[in-house]
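Contents: one structure, followed by commentary.
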Amino acid sequence: MSDTAQLIIGDKTYELPVITGTEDEKAIDISKLRDQSGYVTLDIGYKNTGATKSAITFLDGEKGILKYRGYSIEQLAEKSTFIEVAYLLIYGDLPTAEQLKDFQYQLSRHTLVQEDMKKFFDGFPQGSHPMGQLSSLVCAMSAFYPDSLKPNQTAQEVNLSIVKTLAKMSTLVSWIYKKSLGHPYIYPRNKYDYVTNFLYMTFGQRTEEIEIDPVIVDAMNKLLILHADHEQNCSASTVRIVGSSDSNLYASLSAGISALWGPLHGGANQAVIEMLEKIQQDGGDTDKWIAKAKDKNDPFRLMGFGHRVYKNFDPRARIIKKACDDILEKLGIDDEVLQIAKKLEEVALKDPYFVQRKLYPNVDFYSGIIYRALGFPTDMFTVLFALGRLPGWIAQWKEMKENKEPIGRPRQIYTGEVNREYVDIDKR
Ligand code: CMC
């Protein structure tokens, strides 16, 4: 097969190289197109545009496949831990026992945050959204840890910023939760692994010792692994594009957190539970809400359904659904909202509207039910997504830097007014 594609514009033919990825994905390389022809391509929403070459995550939306660094999400969710997966994503290979021990040790040395950062928590009004807090706090880390601002950082210096971010993020997320309750902050304990420590800081009390249930640690590890990366999604692309201007790691990650916040992206997990609760309060008539989702004059969408890339099923949703059943059973929780979710899924999967448009439950459809069962308030859900996605964002940022990618700067097709004469204000 030819390794070039031909583009014919008028009487000119342009030869464009065809690129093939390691999973046999094909792309037409148009990087020289404008120089050669004067044309740009137009692809609003980037549905057909590859923004980079990446060796981190592969997904096949038609077949419902997701792999991190070549390992299937099913195997990683079953056998691995979040920290091992974080190492895999960031450094490229699964760690040896020695490397993992060292990584965990490094992380445990950096979980404390500068005491002055606590003043930010005092400044946020009670009830302010945790995602706004997290985005601000992560950006503010550049003020407290200015080493990240140094141009041309060595690999060791970059690595230190990476370790600090991973370690401190768990402390910041748990303190956001404590602030929402008005409870005192709980300091990290080095004797715990990353996930146990996070749960300890979140659900622990200064007044008494608590035992962290291994069932909950396991569920949390799974959830964080499933969210750890998802190739060039809205937030990962944001992190890469902000980082491409040589912005520091903290600023790039803070932008990624802001991108994740939207209900069409990570914010969907909060929106799903709010939707299910609304349906429950409304009497639980799922047919009525399915009809609303199908009505083009009604802005309502079935949250947790549909995906830009998965057009068969979301493999993360399948794992999460099972984990959800397991955890509710183990914790002895009978959640009416889960029954509504199951009914919605059953009806939607048979309905021609959803079938024709290939709309299936996505990862966010079930994650919120687990977070709820674990005791997290609804507005913390997207922050938990961010905690899970952090290694993916870091890996994407690091890869972009190592590949020395140029500043991201898309073109446009201008559709505005042409050549207007300035009119003085008294004549308008
Ligand atoms: N409920 C009802 N109709 C839908 C839905 C939905 N959830 N999602 C898509 N559609 C319809 C849409 O109206 C359109 O219909 P038509 O062809 O008649 O105009 C068709 O399906 C295609 O939709 P689209 O908006 O062009 O698809 P997209 O690829 O641009 O959007 C999406 C993907 C995820 C933004 C969208 O499916 C959606 O809004 N879903 C609900 C929000 C959600 O669950 N987001 C979480 C995504 S997974 C977590 C993550 O990775 O961020």
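If you check Ile90 against the conditions, is it outside any strand (DSSP E or B), at pLDDT 95 or above and in the same structural domain as Val309 (by the TED database)? Yes, satisfied. Does Leu276 fit the bill of being more than 11 Å from the ligand (Cβ to nearest atom), within 24 Å of Ile369 (Cβ to Cβ), touching a residue at least 60 places away in the same chain (Cβ under 8 Å) and not in a loop (DSSP other than H, G, I, E, B)? It is true that Leu276 is more than 11 Å from the ligand (Cβ to nearest atom), within 24 Å of Ile369 (Cβ to Cβ), touching a residue at least 60 places away in the same chain (Cβ under 8 Å) and not in a loop (DSSP other than H, G, I, E, B). Of all the criteria given as (1) open to solvent by less than 40 Å² (accessible area, probe 1.4 Å); (2) aromatic (Phe, Trp, Tyr); (3) closer than 27 Å to Tyr185 by Cβ; (4) within 14 Å of the ligand (Cβ to nearest atom), the one not satisfied by Tyr250 is (4).
The number of residues in the stretch 371-380 being within 16 Å of the chain's Cα centre (by Cα) and open to solvent by 10 Å² or more (accessible area, probe 1.4 Å) comes to 1. When you scan the stretch 357-367, do you find a residue that is of a type in the set (Ser, Thr, Tyr), in contact with a helix residue (DSSP H, G or I) (Cβ under 7 Å, 6 or more places away or on another chain) and under 28 Å from Phe198 (Cα atoms), even just one? Yes, that holds for at least one residue. The residue of the stretch 148-181 that is modelled with the lowest pLDDT, among those that are open to solvent by 60 Å² or more (accessible area, probe 1.4 Å) and farther than 24 Å from Leu260 by Cβ, is Pro151. When the test is whether a residue is touching a strand residue (DSSP E or B) at 6+ places or on another chain (Cβ under 9 Å), farther than 30 Å from Tyr192 by Cβ and touching a residue at least 60 places away in the same chain (Cβ under 8 Å), Lys53 passes it.
Picking from residues in the stretch 345-370 that are hydroxyl-bearing (Ser, Thr, Tyr) and surrounded by fewer than 24 Cβ atoms within 10 Å (Cβ to Cβ), the one that is farthest from the ligand (Cβ to nearest atom) is Tyr360. Quick check on the stretch 212-223. Is at least one of its residues within 16 Å of the ligand (Cβ to nearest atom), open to solvent by less than 60 Å² (accessible area, probe 1.4 Å), assigned to a helix (DSSP H, G or I) and within 30 Å of Glu405 (Cβ to Cβ)? Scanning the stretch 212-223 turns up no residue that is within 16 Å of the ligand (Cβ to nearest atom), open to solvent by less than 60 Å² (accessible area, probe 1.4 Å), assigned to a helix (DSSP H, G or I) and within 30 Å of Glu405 (Cβ to Cβ). Inside the stretch 312-330, residues that are more than 9 Å from the ligand (Cβ to nearest atom) and not in a helix (DSSP H, G or I) make up a count of 2. Restricting the first member to the stretch 315-344 and to residues that are open to solvent by 20 Å² or more (accessible area, probe 1.4 Å), and the second to residues that are assigned to a loop (DSSP other than H, G, I, E, B), the beta-carbon pairs closer than 9 Å and six or more apart or on different chains are Arg318/Gly64; Lys330/Asp213; Leu331/Asp213; Glu336/Gly284; Gln339/Gly284; Lys343/Gly284.
A search for C-beta distances below 9 Å between a residue of the stretch 97-117 that is over 17 Å from Phe82 (Cα atoms) and in a loop (DSSP other than H, G, I, E, B) and any residue that is β-branched (Val, Ile, Thr) and open to solvent by less than 60 Å² (accessible area, probe 1.4 Å), counting only pairs 6+ apart in sequence or on different chains, returns Arg109/Val163; His110/Val163; His110/Thr165; Leu112/Thr171; Val113/Thr171. Restricting attention to the stretch 24-40 and to residues that are open to solvent by less than 80 Å² (accessible area, probe 1.4 Å) and without any contact (Cβ under 8 Å) to a residue 40 or more places away in the chain, the residue that is nearest to Asp60 (Cα to Cα) turns out to be Ala27. Please work out if Thr57 is under 23 Å from the mean Cα position of the chain (by Cα), closer than 19 Å to Gly408 by Cα and open to solvent by less than 80 Å² (accessible area, probe 1.4 Å). In short, no. Condition check: in contact with a helix residue (DSSP H, G or I) (Cβ under 9 Å, 6 or more places away or on another chain) and modelled with pLDDT under 95. Does Leu260 satisfy that? Taking the combined requirement at face value, the residue does not satisfy it.
Scanning the stretch 120-147 for residues that are touching an Asp or Glu at 6+ places or on another chain (Cβ under 9 Å) and open to solvent by less than 10 Å² (accessible area, probe 1.4 Å) yields Pro130, Met131. Whenever a residue of the stretch 284-302 is away from the ligand (no atom under 11 Å from the Cβ), its partners that are open to solvent by less than 90 Å² (accessible area, probe 1.4 Å) and not basic (Lys, Arg), lying with C-beta atoms within less than 7 angstrom and at least six residues away or across chains, give the pairs Gly284/Ile340; Thr286/Ile279; Thr286/Ile340; Thr286/Leu344; Thr286/Val347; Asp287/Val347.
The values are calculated or read from the model by the stated rules, or taken from the named source; none is laboratory data. Predicted model, so just to flag it, every value in this text is computed and none were measured. Heads up, the Cβs are rebuilt from the backbone with ideal geometry, glycines too, and the neighbour counts pull from every protein chain shown. Surface accessibility is based on the protein's heavy atoms, side chains included, excluding ligands, DNA and RNA. Shrake-Rupley method; radii C 1.70, N 1.55, O 1.52, S 1.80 Å.
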